[in-house]
Amino acid sequence: MNKASRQNSVRLKFMRILRPWHRRLGLVSALFILLLVLTGVAINHSDDIGLAQTPVTQSWLLDYYGIPAPAHVAQFSALDTSNLPALYITDNLLWQGKRVIFEGSQTLMSASYTDNMLVAIDEQQLYLFDTAGHLQETQNSSMGLPTDLLALAVVNSRVWLNTKAGVYQADEQLIDWQLMEPIKAITWLIPNPRVDAEFIQHARSAHLNWQRVMLDLHSGRLFGALTVWLWDLFALALLLVSLSGFWIWYKQKPPR
């Protein structure tokens, strides 16, 4: 066998080995590109399809992201004569119905409607909202608010606070707080012990939306630390497909 024949034989053997691997790498690369294309298009049109406003409700995906159910959950009913939605507290979040209206720096303790506003407290601060859920004012000890708050009550449209130092009543404008000895026992707001399980799942879902999932899937962060190497392998596969495809085309192109 002369030199030309041997070179031709080696080339044919190499082509037989290269073709199957070219197809396999092409299939893997196609799946990778399809993933990038679909997630990329979804991200580009996130506002149009409402990904940022669509919470993830799948428990297994919430578990994968490590999003637990809220540790502190409380439900407070609206005034009997109003059509306002119920108030919920989950840890440091205040909900009006199924809408988050406030995120505090501490765990919230209690919330209630008054005649024309909404009041919520944590241990050191009081928050005033309008009935639509817009924050109007935050009060703390620098503004005369008592410290170490324990409970909240609304009696005859007046706001009362139970603290470690005693019971305080606010004036009608909720500006001045007076240490008082109530004539009658005050019924402090107690959360409803039966919080709807569907709401708890909804509150958990509020921490993750589909836009975040699409971004993590597109970038590879969804799969953790090993994703960097996985995405590098996909990139290498694309490079090999390009090079092998060019080689096969070059060797099979008809002579001029």
If the chain between Trp188 and Leu226 were fully extended at 0.36 nm per residue, the gain over the current Cα-Cα distance would be 8.4 nm
With every protein chain left in place and a probe of 1.4 Å, what is the accessible surface of His45, to the nearest 10 Å²? 90
Taking Ile101, Ile33, Ile121 and ranking on accessible area (1.4 Å, protein atoms only), highest first, one gets Ile33, Ile101, Ile121
If you rank Asp130, Asp47 by how much accessible surface each has, with a 1.4 Å probe, what is the order from largest down? Asp47, Asp130
Each label sits 7 Å from Cα toward the beta-carbon; between Glu172 and Leu135 the label points are separated, in nm, by 2.9
For the residue pair Leu150 and Leu31, what label-to-label distance in nm results when each label sits 7 Å from Cα along the Cα-to-beta-carbon direction? 6.3
How much length is gained if the chain between Asn83 and Met117 is pulled fully straight, taking 0.36 nm per residue apart and subtracting their Cα-Cα distance, in nm to one decimal? 10.9 nm
Heavy-atom accessible area of Thr187, protein chains in place, probe 1.4 angstrom, given in Å² to nearest 10, is 120
Cβ-based charge dipole, the stretch 85-137, positive-most Cα from Gln136, Gln124, Gly97: Gly97
Distance (nanometres) between label positions extended 7 Å along Cα→Cβ at Ala165 and Asp196: 4.0
For the stretch 48-171, max minus min Cα coordinate along each principal axis, in Å, sorted largest first? 48, 31, 24
Just subtract the alpha-carbon distance of Gln106 and Gln53 from 0.36 nm times their residue separation and send over the number in nm, one decimal. 16.5 nm
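The values are calculated or read from the model by the stated rules, or taken from the named source; none is laboratory data. Because the structure is predicted, anything quoted here is derived from the model rather than measured. Because the Cβ atoms are built from the backbone with ideal geometry, glycine has one as well, and the counts that use them run over all protein chains shown. Surface areas here come from the heavy atoms of the whole protein model, side chains and all, with no ligands, DNA or RNA. Shrake-Rupley method; radii C 1.70, N 1.55, O 1.52, S 1.80 Å.
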